[in-house]
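Okay, structure first, notes after.
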Amino acid sequence: MDGAPAKVRFREPQIEMAHGAGGKASRRLVEGLFVPLLYDPAGPAADRLGDAARLLIDGADLALTTDCFVVTPLRFPGGSIGELAVNGTVNDLAVSGATPVAIVTSFLLEAGLLTQELEAEVRAMGEAARRAGVAIVGGDTKVVEHGKTDRMYITTTGVGRRMPGVALSAASVRPGDKVLVSGPVGDHGITILLARGELDLEAELRSDTRSVLPLVQAIARVAAPAIRWMRDPTRGGVATSLNELALECGWSVHLDEEAVPVRNEVRGACELLGLDPLHIANEGQFLAVIAPDHAEAALTALRDAPGGAEAALIGEIHEQPAAAVLATTRYGGSRIVDMLVGDPLPRIC
Amino acid sequence: MCLAIPGKIVELVADPPLGVVEVTGVRRRVDLGLLQDDPPQVGDWVLIHVGFAMSRISEREAEDQMRTLRILGEDQAAMDEVRGYQS
Amino acid sequence: MKFVDEFRDPEVIGRTADEIRRLAHPGRHYRLMEVCGGHTHAIYRFGLKDVLPSNIELIHGPGCPVCVLPMGRIDDGLALAQRPDVIFTAFGDMMRVPGAHGSPLEHKARGLDVRIVYSPSDAIKLARTNPGRHVVFFAIGFETTAPSTALTLLRARAEGLKNFSVFCNHVTIIPAIRAILDSPDMRLDGFIGPGHVSTVIGCRPYEWIARDERKPIVVSGFEPLDLLQSIVMLLRQLEAGRAEVENQYTRVVPWEGNRAALRAMAEVFSLRPYFEWRGLGFISQSALRIRDEFAQWDAERVFSVAGVRVTDPKAAQCGEVLKGVLKPVQCKLFGRECTPEHPVGALMVSSEGSCAAYYNYEHRKANAPMPSLAAPV
């Protein structure tokens, strides 16, 4: 590294829950502490703050990413922590424009965890990896005393090969570009909320956890050079990802709220609890910004691909209001859609 | 205050007076204790706030209201037309 | 969604907005107050100001039960959470409200047993399933929510539950409206009345506003068409020189209110002689207290509560914003020291507080520059 590291701008005296929630506080921690101390603009990784780092090593154009998975309950309708751990990293690579090649994983386990629970998750990871076409090539395990962790945390780190013809950057986004989503939003977060059993709500809902690689490849086949930016809206939801985009590119994301696909059950749960589907986590969807002349073709390719039938055109890039996301209605009303501070909380008022 | 959502009673439980209410596919047990002067039946719509039914929803009033609103613009359009003839 | 989607029909909204523009006199400036925080939230969330003509000004009233709760009450409640035998339960709305030593959520992060409940029924259920712990339910809300707490206390008594109590912060809406009308800075033409409170208290309690203060009040629902129709009804009254109580929300609000709910409230609660409202000061007969017959389920009597009084920082202008005297953006702390991330007052935390609603949904529409996320505070 050349020269001294940049100054730390993160002033908060201690770490709070909000710093891990994926919204504004997380961003402050990353931008204010990690980036100044760790990021070297002259280093091998050219892009920063995207879902994956880009590495050019002896002519190989690679993407590298890591993620830590913490979820309660461990098993829920539609999946489990093991599946999330594999699909999450596969998806981060896919939306960075890379084909996943290999994953390593580390387990932080609580003493007293039943072997059958661990086995179930490892089995789930194996199946998810096979479905996604990625190899799990190594890992590590640590066990801590009972009470020092919550049963099981899994970290996965993945490496992939850049897809030819796909060059993603927020800087390439222009007014007039279209925003697509691969399917209905909010399924995962609401499923988890209901699975915790604290709110006494029942619905036929499943987590949407899956690899989005085939859908990304479907778009890349018809519109590779026209894809400007992609992201998988996990914690913090579509609202957070689109705000990140708006902040990075400086333009405005205009969202047609009525066009965002939301399942009835997700909508019902959100109305009852006073939640906004745009802030709810997804584990099997992605957002893509496509140049206008290829947007239709990209949407058709998504809808024709298995699992993409509910893909939709949900927005457009504009100039104003700058660096913000604006949701509009057909009667001319609009509202800013902001990132949340921490996790969305049910309300009664 | 106050977030209250319409839901349809799909099942009744006797004591304490509870109902299972459905809101587009989501079900929750709701306390019907505040509506015991005129207990609702399966199929009735109620307004739910903090897990309690606050009021019955009158389908007729809702329809009347929508009808009033829908003719709002039409009345005006008719008036404008008449004025157009008179000017 | 039935009874929701119809009232969001864009075409009918457009025509109702046209009617409003037709009714509003170009030379006149209308100041209408929506009392209820839920209406404030709906106005911003549906972008309704965008469809109103510029001479109709919507002023946000004090009907936000989280916003008007003085910080000391939260500290008193959280002091109970410190006890290892206590499970502290509250609605999600309360979780980020700052107390002197942190919010309920921050207390939870430190390891205290603080849990979000959607209903007082969930809190009492926790008491039944955790016989070795004491469940405290931190009750907030106007008359919409008080009957549910009342029924829950009746059930606790019927079951002889020994490990459940309520920390009661219920307040009543009429004294708040009186305080607004008594305020010398306030000039209002009419009121959009609180629709869900009215399902309980009915429309009669507002008659003095029309009769004595000569201001029209229309009890309104919460969907875009409800609010717009209520504005049409107010404009028509003002045009005709009438001042009456009208019910726009007839599909849900009975004129006489909900007698069973009022009975339950009367059985369980009495009025406190006075109660401190954040920003409005002490108001007499404005809050509910749990009757002596239910003392063993009254957290303030089961535990000795310090009765902490905490004053807001001098620079915070929560009171004036609550009364509608100041717009959120006119408070010196708005958007700088006070944001949803580090709120100074509850108006910035509560989803229906006018400051939070304005900050989250509106103020960047005017393209004001966003303060840098990593900038020191």
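Would you mind stating whether A:Asp61 is among the acidic types (Asp, Glu), crowded, with 17+ Cβ neighbours inside 10 Å and either within 14 Å of another protein chain (Cβ to nearest Cβ) or within 18 Å of A:Val134 (Cβ to Cβ) (or both)?
no
Take region C:58-109 and flag every residue that is in contact (Cβ under 8 Å) with a residue 60 or more places away in the chain, touching a strand residue (DSSP E or B) at 6+ places or on another chain (Cβ under 6 Å) and of a type in the set (D, E, K, R).
C:Arg73
Of the numbered conditions (1) more than 16 Å from the chain's Cα centre (by Cα); (2) crowded, with 24+ Cβ neighbours inside 10 Å; (3) within 14 Å of chain B (Cβ to nearest Cβ), A:Pro277 fails exactly one; give the number of that condition.
All conditions are met except number (1).
Would you check if A:Leu287 is assigned by TED's automatic domain parsing to the domain that holds A:Ile192, farther than 19 Å from A:Val173 by Cα and crowded, with 22+ Cβ neighbours inside 10 Å? Before you say what the answer is, go through the steps one by one.
Numbers: assigned by TED's automatic domain parsing to the domain that holds A:Ile192: yes; farther than 19 Å from A:Val173 by Cα: no; crowded, with 22+ Cβ neighbours inside 10 Å: yes.
Judged against the criteria, A:Leu287 is not a match.
Among C:Leu151, C:Leu112, C:Leu188, which is the only one that is farther than 21 Å from C:Cys67 by Cα, in contact (Cβ under 8 Å) with a residue 40 or more places away in the chain and in a loop (DSSP other than H, G, I, E, B)? Quick ask: steps written out before the conclusion?
On the way: C:Leu151 fails: in a loop (DSSP other than H, G, I, E, B); C:Leu112 fails: in contact (Cβ under 8 Å) with a residue 40 or more places away in the chain.
Criteria check complete, one pass: C:Leu188.
On the basis of being touching a Pro at 6+ places or on another chain (Cβ under 6 Å) and either under 17 Å from A:Leu287 (Cα atoms) or at the interface with chain C (Cβ under 7 Å from one of its Cβ atoms) (or both), does A:Glu310 make the cut? Steps first, answer last, please.
Details: touching a Pro at 6+ places or on another chain (Cβ under 6 Å): yes; either under 17 Å from A:Leu287 (Cα atoms) or at the interface with chain C (Cβ under 7 Å from one of its Cβ atoms) (or both): yes.
Spelling it out, A:Glu310 is indeed touching a Pro at 6+ places or on another chain (Cβ under 6 Å) and either under 17 Å from A:Leu287 (Cα atoms) or at the interface with chain C (Cβ under 7 Å from one of its Cβ atoms) (or both).
Tell me which of these C:Cys67 doesn't satisfy, since it passes every other one: (1) within 14 Å of another protein chain (Cβ to nearest Cβ); (2) over 30 Å from C:Val232 (Cα atoms).
Looking at each condition in turn, C:Cys67 falls short on (2).
Would you confirm whether or not region A:134-146 contains a residue that is in contact (Cβ under 8 Å) with a residue 24 or more places away in the chain, surrounded by 22 or more Cβ atoms within 10 Å (Cβ to Cβ) and outside any strand (DSSP E or B)?
Filtering region A:134-146 down to residues in contact (Cβ under 8 Å) with a residue 24 or more places away in the chain leaves A:134-146.
Remaining after also requiring surrounded by 22 or more Cβ atoms within 10 Å (Cβ to Cβ): A:134.
After this cut, where a residue has to be outside any strand (DSSP E or B) as well, the list is A:134.
Yes, region A:134-146 contains at least one residue that is in contact (Cβ under 8 Å) with a residue 24 or more places away in the chain, surrounded by 22 or more Cβ atoms within 10 Å (Cβ to Cβ) and outside any strand (DSSP E or B).
Name the one entry in A:Ala45, A:Ala6 that is touching a Pro at 6+ places or on another chain (Cβ under 6 Å) and at pLDDT below 90.
A:Ala6
Out of all the residues in region A:171-228, which are surrounded by 22 or more Cβ atoms within 10 Å (Cβ to Cβ) and touching a Cys at 6+ places or on another chain (Cβ under 9 Å)?
Those that are surrounded by 22 or more Cβ atoms within 10 Å (Cβ to Cβ) and touching a Cys at 6+ places or on another chain (Cβ under 9 Å): A:Val173, A:Gly186, A:Ile190, A:Arg228.
Give the residue, chosen from A:Arg196, A:Arg206, that is within 23 Å of A:Ala305 (Cα to Cα) and touching a residue at least 40 places away in the same chain (Cβ under 8 Å). I'd like the intermediate steps shown before the answer.
Values: A:Arg196 fails: within 23 Å of A:Ala305 (Cα to Cα).
Within the list A:Arg196, A:Arg206, the selection yields A:Arg206.
Based on this model, can you work out whether C:Thr172 counts as buried (at least 24 other Cβ atoms within 10 Å of the Cβ), among the hydroxyl-bearing types (Ser, Thr, Tyr), on the phi < 0 side of the Ramachandran plot and within 14 Å of another protein chain (Cβ to nearest Cβ)?
Details: buried (at least 24 other Cβ atoms within 10 Å of the Cβ): no; among the hydroxyl-bearing types (Ser, Thr, Tyr): yes; on the phi < 0 side of the Ramachandran plot: yes; within 14 Å of another protein chain (Cβ to nearest Cβ): yes.
When the stated conditions are applied, C:Thr172 does not pass them.
Sort through C:Arg204, C:Arg214 and tell me the only one that's surrounded by fewer than 24 Cβ atoms within 10 Å (Cβ to Cβ), under 22 Å from the mean Cα position of the chain (by Cα) and not polar (S, T, N, Q).
Working: C:Arg214 fails: under 22 Å from the mean Cα position of the chain (by Cα).
Selected residue: C:Arg204, the only one of C:Arg204, C:Arg214 that is surrounded by fewer than 24 Cβ atoms within 10 Å (Cβ to Cβ), under 22 Å from the mean Cα position of the chain (by Cα) and not polar (S, T, N, Q).
Considering each of C:Arg309, C:Arg301 in turn, give the residue that is within 23 Å of C:Phe88 (Cβ to Cβ) and part of a helix (DSSP H, G or I).
Numbers: C:Arg309 fails: part of a helix (DSSP H, G or I).
Of C:Arg309, C:Arg301, the one residue that is within 23 Å of C:Phe88 (Cβ to Cβ) and part of a helix (DSSP H, G or I) is C:Arg301.
Check A:Gly237, A:Gly268, A:Gly250, A:Gly284 and return the single one that is of a type outside the set (A, V, I, L, M, F, W, C) and closer than 16 Å to A:Ala311 by Cβ.
Numbers: A:Gly237 fails: closer than 16 Å to A:Ala311 by Cβ; A:Gly268 fails: closer than 16 Å to A:Ala311 by Cβ; A:Gly250 fails: closer than 16 Å to A:Ala311 by Cβ.
After ruling out the rest, the residue left standing is A:Gly284.
Looking only at residues that are part of a strand (DSSP E or B) and more than 22 Å from C:Ser198 (Cα to Cα) in region B:2-20, which one is farthest from the other protein chains (Cβ to nearest Cβ)?
B:Leu12
Quick one: what pairs do we get from region A:25-42, first residue modelled with pLDDT of 90 or more, second surrounded by fewer than 17 Cβ atoms within 10 Å (Cβ to Cβ) and not in a loop (DSSP other than H, G, I, E, B), C-beta under 9 Å, 6+ apart or different chains?
A:Leu29/A:Gly20
Quick one: in region B:39-66, of everything that is at the interface with chain C (Cβ under 9 Å from one of its Cβ atoms) and either in a loop (DSSP other than H, G, I, E, B) or in contact with a Lys or Arg (Cβ under 6 Å, 6 or more places away or on another chain) (or both), which residue is surrounded by the most Cβ atoms within 10 Å (Cβ to Cβ)?
This residue is B:Val50.
Quick grid of which residues meet (1) crowded, with 23+ Cβ neighbours inside 10 Å; (2) at positive phi; (3) modelled with pLDDT of 80 or more:
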residue: C:Leu280; (1), (2), (3): no, no, yes
residue: C:Ile283; (1), (2), (3): no, no, yes
residue: C:Phe294; (1), (2), (3): no, no, yes
residue: C:Trp297; (1), (2), (3): yes, no, yes
residue: C:Val310; (1), (2), (3): no, no, no
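Taking C:Ala158 as the residue in question, decide whether it is over 22 Å from C:Gly353 (Cα atoms), without any contact (Cβ under 8 Å) to a residue 12 or more places away in the chain and away from chain B (no Cβ under 14 Å). Before you say what the answer is, go through the steps one by one.
Working: over 22 Å from C:Gly353 (Cα atoms): yes; without any contact (Cβ under 8 Å) to a residue 12 or more places away in the chain: yes; away from chain B (no Cβ under 14 Å): no.
Considered against the rule, which asks whether it is over 22 Å from C:Gly353 (Cα atoms), without any contact (Cβ under 8 Å) to a residue 12 or more places away in the chain and away from chain B (no Cβ under 14 Å), C:Ala158 comes out as no.
Among the candidates A:Leu56, A:Leu108, A:Leu113, A:Leu93, which residue alone is closer than 30 Å to A:Pro225 by Cβ and not in a helix (DSSP H, G or I)? So that I can check it myself, show each step before the final result.
Working: A:Leu108 fails: closer than 30 Å to A:Pro225 by Cβ; A:Leu113 fails: closer than 30 Å to A:Pro225 by Cβ; A:Leu93 fails: not in a helix (DSSP H, G or I).
Answer to the check: A:Leu56.
If you take the residues in region C:17-40 that are in a strand (DSSP E or B) and away from chain B (no Cβ under 14 Å), which one is surrounded by the fewest Cβ atoms within 10 Å (Cβ to Cβ)?
Of all residues in region C:17-40, those in a strand (DSSP E or B) come to C:30-36.
After this cut, where a residue has to be away from chain B (no Cβ under 14 Å) as well, the list is C:30-33.
On the way: C:Tyr30: 21, C:Arg31: 15, C:Leu32: 22, C:Met33: 27.
By that ranking, first place goes to C:Arg31.
With the condition kept exactly as written, say whether any residue in region C:128-148 is more than 30 Å from C:Leu235 (Cα to Cα), in a helix (DSSP H, G or I) and out of contact with any helix residue (DSSP H, G or I) (no Cβ under 6 Å at 6 or more places or on another chain).
Checked region C:128-148: at least one residue is more than 30 Å from C:Leu235 (Cα to Cα), in a helix (DSSP H, G or I) and out of contact with any helix residue (DSSP H, G or I) (no Cβ under 6 Å at 6 or more places or on another chain).
Quick check on A:Gly126: is it more than 20 Å from the chain's Cα centre (by Cα), under 24 Å from A:Pro306 (Cβ atoms) and at pLDDT 95 or above? Before you say what the answer is, go through the steps one by one.
On the way: more than 20 Å from the chain's Cα centre (by Cα): yes; under 24 Å from A:Pro306 (Cβ atoms): yes; at pLDDT 95 or above: yes.
Here the answer is yes, as A:Gly126 does meet what is asked.
I'd like to know if region C:6-16 contains one or more residues that are touching a Leu at 6+ places or on another chain (Cβ under 9 Å), closer than 26 Å to B:Arg67 by Cα and facing chain A (nearest Cβ under 7 Å). Please lay out each step first, then the result.
Our first condition is that a residue be touching a Leu at 6+ places or on another chain (Cβ under 9 Å); within region C:6-16, this holds for C:6-9, C:12-13, C:15-16.
Among the residues that remain, those that are also closer than 26 Å to B:Arg67 by Cα are: C:6-9, C:12-13, C:15-16.
Still in the running and facing chain A (nearest Cβ under 7 Å): C:13.
Checking region C:6-16: at least one residue is touching a Leu at 6+ places or on another chain (Cβ under 9 Å), closer than 26 Å to B:Arg67 by Cα and facing chain A (nearest Cβ under 7 Å).
Kindly check whether there is at least one residue in region C:94-101 that is more than 13 Å from chain A (Cβ to nearest Cβ), in a helix (DSSP H, G or I) and touching a Leu at 6+ places or on another chain (Cβ under 9 Å). Quick ask: steps written out before the conclusion?
Filtering region C:94-101 for residues more than 13 Å from chain A (Cβ to nearest Cβ) gives C:99-101.
Now narrow it down to the ones that are in a helix (DSSP H, G or I): none.
Looking through region C:94-101, none of the residues is more than 13 Å from chain A (Cβ to nearest Cβ), in a helix (DSSP H, G or I) and touching a Leu at 6+ places or on another chain (Cβ under 9 Å).
Pick out the one residue from A:Ile348, A:Ile317 that is crowded, with 21+ Cβ neighbours inside 10 Å and within 12 Å of chain C (Cβ to nearest Cβ). Talk me through it step by step, then tell me what you get.
Details: A:Ile317 fails: within 12 Å of chain C (Cβ to nearest Cβ).
None of the other options fit; the residue is A:Ile348.
Of the conditions (1) small (Gly, Ala, Ser); (2) within 21 Å of the chain's Cα centre (by Cα); (3) under 28 Å from C:Gly221 (Cα atoms), C:Ala260 satisfies every one except a single condition; which number is it?
(2) is the only condition that C:Ala260 fails.
The values are calculated or read from the model by the stated rules, or taken from the named source; none is laboratory data. Predicted, not measured: the structure shown is a model, and the values here were computed from it. Neighbour counts are summed over all protein chains in view; Cβ atoms, including those assigned to glycine, are modelled from backbone coordinates with ideal geometry.
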